[in-house]
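Take a look at the structure below.
The values are calculated or read from the model by the stated rules, or taken from the named source; none is laboratory data. If you're wondering where the values come from, they're calculated on a predicted model, not measured in any experiment. Every residue, glycine among them, receives a Cβ derived from its backbone with ideal geometry; neighbour counts consider all protein chains shown.
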Amino acid sequence: MDEIKPVAAETQKIERKDFIREIVEEDLRTGKHKKIITRFPPEPNGYLHIGHAKAICINFGIASDYSGRCNLRLDDTNPEKEDHEYIDAIIRDIRWLGFEWGDHLYYASDYYQQLFDWALELIKKGLAYVDHLSAEEIREHRGTLKAPGRESPYRNRSVEENLDLFERMRKGEFEEGVCVLRARIDMAASNINLRDPSLYRIKKASHPRTGDKWCIYPMYDFAHGQSDAIEGITHSCCSLEFEDHRPLYEWFLEHLSVPHKPRQIEFARLNLTHTMMSKRKLLELVKTGTVRGWDDPRMPTLCGLRRKGYTSSAIRSFCDRIGVAKANSVVDYSLLEYFIREELNRGAKRVMAVLRPLKVVLLNWPEDKVEEVTAENNPEDPSAGTRKVPFSRELYIEQDDFREDPPKKFFRLSPGSEIRLKHAYYIRCEKVIKDTSGAVTELHCTYDPESRGGTTPDGRKVKGTSHWVSARHAVRAEVRLYEHLFSVPNPGENGVDCREELNPQSLEILDNCMVEPALPGAEPGSRFQFMRQGYFIADTEDSKPGKPVFNRIVGLKDSWAKEEKK
């Protein structure tokens, strides 16, 4: 695989200073903590996406910046939606991003017995009870933002009765939905999360790690903070939607005999235009066949971005650039494209590939003559050297590089006009060949033998330059042109079904492209700049020797940089 040079940190002018780091530095300065321990706690119910990348960079980045550590903890508290496939993918994606956790890989299921014991502790303190209301009845009793909740008729059961019922729940005597264990806090609390939240529910489903050992499972709010406490987490960083859950997080830590009391800190999650971040909705796209899988290059998943050709360093640079904020905002997708484009511009080898071929025959070129022209591999990197490209009588150029009736300021090829072929000669269009339907199928041209390299004895210049491939030496390739999966900047906004906003032009497959003779042997994962077309990667799944498949990573146009300069 071709190595791509990452954008140098000094060129990005990124300073890692934010409100979370200010908190961490103050805690170190005052001696509150001697060592910083963070964690990244994904649920193994889907693949990680670009939004998770921000959280990963924050948690692992802070730990690294202050010589601490970051634990990876799989929050496996919902066996019905979890799978070993997701666990393996999460571990693979985080490592691909460039982060390690050493021996500190944990699972919430590691703590099931301790969590159960803490639930018993709450019951014994009169702070938890078994409730036989249905899920719908519990919702009705909870009240609204403007009205207090109502107490369950089961709220004042005795400690002994609750202990007995909870143990029977564990033994599997009740069916799913018959009862739950709830915390006994305050049904009139202004924060709805404190209105007797559920702690345990019955799930008679086999767990990926514990099998059928348990049939009751802790709720996220109960498992999360206590897992942090067990692991000695100092700063539990999470996205803003958990801000209203913080009082509950702290209530559990205060009322349980935990060994450590971490601090929860919330930051703004990443919202990216033309992108959906809901794992549930992404899973629906996969299951319905709307996309080809979790790693479809149109998906915002890390495996999808990787297959599309994004590098881990570009994603990390992007996450550094957007920073850590307290207020939610939407980041334009073009900023993400800017970082991969900057990186590829420095490191990707330039090649010629004709995506929509139009044959050109050079009438004054000998039929059997083949000449090699010298092409630079990367003008941004002289050390990348040069390569030899065959040039012959019959060539392919892009269909868009010819107009029979050209508009004003069209500087490509047209009848009687002249263009320069990159690295080669000037050619002039002498005759246009059409099929019976009137479509142009071939151009008969002449070349100027004195124009090799782009100069002529008479000093004339042409405004247009086209890339090309030799028809005799070119190899057919499949090229996949990807656009945004959604046609609107904010899919699903205002309750709209995001499936109605899918972009019908999100994928165009061109199966008759002609590429340089060296490209069919490109190793899957190799990245190139197709001159005048964009940046492409040899697909890691479908590209085979002699039968290359290329995915467009990003175009050459940089709309974000242009907007920044305005």
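Points to keep in mind about this one:
Per-residue answers, yes or no, for (1) closer than 29 Å to residue 211 by Cβ; (2) among the basic types (Lys, Arg):
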{"position": "112", "(1), (2)": "yes, no"}
{"position": "117", "(1), (2)": "yes, no"}
{"position": "127", "(1), (2)": "no, no"}
{"position": "130", "(1), (2)": "yes, no"}
{"position": "133", "(1), (2)": "no, no"}
{"position": "139", "(1), (2)": "no, yes"}
{"position": "147", "(1), (2)": "no, no"}
{"position": "154", "(1), (2)": "no, no"}
{"position": "159", "(1), (2)": "no, no"}
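- Test result for residue 305, more than 17 Å from residue 92 (Cα to Cα), modelled with pLDDT of 95 or more and hydrophobic (A, V, I, L, M, F, W, C): no
- Taking first residues from region 450-465 that are free of Cβ contacts under 8 Å to residues at least 24 places away in the same chain and partners that are outside any helix (DSSP H, G or I) and exposed (fewer than 15 other Cβ atoms within 10 Å of the Cβ), the Cβ contacts under 7 Å between residues at least 6 apart in sequence or on separate chains come to 450/457.
- Filtered residue count, region 293-311, keeping only those that are among the charged types (D, E, K, R) and part of a helix (DSSP H, G or I): 3
- Any hit, region 312-333, residues being in a loop (DSSP other than H, G, I, E, B), surrounded by 20 or more Cβ atoms within 10 Å (Cβ to Cβ) and either assigned by TED's automatic domain parsing to the domain that holds residue 239 or without any contact (Cβ under 8 Å) to a residue 60 or more places away in the chain (or both): yes
- In region 524-533, residue surrounded by the fewest Cβ atoms within 10 Å (Cβ to Cβ) [restricted to those that are farther than 17 Å from residue 384 by Cβ and more than 20 Å from the chain's Cα centre (by Cα)]: 532
- The residues of region 259-287 that are in contact (Cβ under 8 Å) with a residue 40 or more places away in the chain and β-branched (Val, Ile, Thr), listed by number, are 265, 273, 275.
- The residue that is surrounded by the fewest Cβ atoms within 10 Å (Cβ to Cβ), counting only those in region 26-42 that are without any contact (Cβ under 8 Å) to a residue 40 or more places away in the chain and in a helix (DSSP H, G or I), is 29.
- Residue match in region 237-258 (condition: β-branched (Val, Ile, Thr), part of a loop (DSSP other than H, G, I, E, B) and under 14 Å from residue 118 (Cβ atoms)): yes
- Only strands (runs of 3 or more DSSP E) whose full extent lies in region 48-150 are considered here, and the ones with at least 2 residues that are crowded, with 20+ Cβ neighbours inside 10 Å and modelled with pLDDT of 95 or more are 69-74, 128-131.
- Against the conditions (1) of a type outside the set (Phe, Trp, Tyr); (2) crowded, with 17+ Cβ neighbours inside 10 Å; (3) farther than 30 Å from residue 123 by Cα, residue 281 satisfies every one except (2).
- Looking across region 478-512, the residues that are over 20 Å from residue 307 (Cα atoms), outside any loop (DSSP other than H, G, I, E, B) and not polar (S, T, N, Q) come down to 493, 495, 498, 499, 500, 501, 502.
- Counting only residues that are at pLDDT 95 or above, over 19 Å from residue 98 (Cβ atoms) and polar (S, T, N, Q), region 308-335 holds 1 of them.
- Of the residues in region 454-463, none is in contact with a Ser or Thr (Cβ under 7 Å, 6 or more places away or on another chain), among the polar types (S, T, N, Q) and farther than 30 Å from residue 329 by Cα.
- Taken over region 406-433, residues that are part of a strand (DSSP E or B), within 16 Å of residue 468 (Cβ to Cβ) and in contact (Cβ under 8 Å) with a residue 40 or more places away in the chain amount to 6.
- For region 152-173, the set of residues classified as part of a loop (DSSP other than H, G, I, E, B), free of Cβ contacts under 8 Å to residues at least 40 places away in the same chain and closer than 23 Å to residue 252 by Cβ consists of 154, 156, 157, 158, listed by residue number.
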